[in-house]
Amino acid sequence: VIVVLLSFVGACSSTSLDVKPVAKSENPADQINRLENDLADAHKNQLNVLAPTWFAKAESSLGKAKKGLEQGEDPSEVLGIIAEGQAQLQKAEEITRVTRTTMADVIKNRNLARQAGAVKLGYDYTTAEQAFLSLTKSIERGNLAYADKQKAELAETFRSLELRAIKIETLGEVRKLIQQAKNSKVDKIAPRSFN
């Protein structure tokens, strides 16, 4: 499996794109909207972090196409930029499939940490997120061995962040409720229930 993934990643990390031209009869504005919608869907599917370099290139192409359309560039030029953006997005999708396979545990633990509110932990979460992006970028470059070596530690880091977030969010709320009960003298009125 590793050999197949390595060869696939090697192919994904190359800079050559399979750019399929957009028909010159297409409306550039419609094609820009389509690419924009495709990028929004890709963002929802986390391509911006699972294949960040290629996703950013596709976003850049979208920006260039919009600017070209606004400045009245030749429609065929704008359509060419859109075609390149679509190819870049397709490359991001290919790499994302490899990233999801290679780093399944890390992605799962990262998502759980985010759901638990670990984003609020500040520096510790930001450091873990930067390490995550470093691994996904290494996969984009075809350095699967590096990602494979680092993924267990990062998965554990996200797991620890999840537990910290749960402790802060959930237990913090319980502590507030207990304090409110004490302030309301519930411990005197109904000591058994309070305990």
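The values are calculated or read from the model by the stated rules, or taken from the named source; none is laboratory data. Values in this document were obtained by computation on a predicted structure and should not be read as measured data. Every residue, glycine as well, gets a Cβ built from its backbone with ideal geometry; the counts of neighbours run over all protein chains shown. In case anyone asks, the SASA skips ligands and DNA or RNA and just uses the protein heavy atoms, side chains included. Shrake-Rupley method; radii C 1.70, N 1.55, O 1.52, S 1.80 Å.
Tabulated data for the structure shown
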item: Ala56 being under 30 Å from Glu162 (Cα atoms), among the small types (Gly, Ala, Ser), buried (at least 22 other Cβ atoms within 10 Å of the Cβ) and modelled with pLDDT of 95 or more; result: no
item: Yes/no for Glu153 being modelled with pLDDT of 95 or more and over 22 Å from Ala56 (Cα atoms); result: yes
item: Residue count for segment 150-195, restricted to those that are among the aliphatic types (A, V, I, L, M) and more than 21 Å from Val119 (Cα to Cα); result: 6
item: Selection count, segment 85-103, where residues are farther than 20 Å from Ala155 by Cα and among the aliphatic types (A, V, I, L, M); result: 3
item: Among (1) open to solvent by 50 Å² or more (accessible area, probe 1.4 Å); (2) in contact (Cβ under 8 Å) with a residue 60 or more places away in the chain, the one test that Asn33 misses; result: (2)
item: Within segment 68-173, helices (runs of 4 or more DSSP H) holding 3 or more residues that are closer than 30 Å to Pro28 by Cβ and in contact with a helix residue (DSSP H, G or I) (Cβ under 7 Å, 6 or more places away or on another chain); result: 75-102
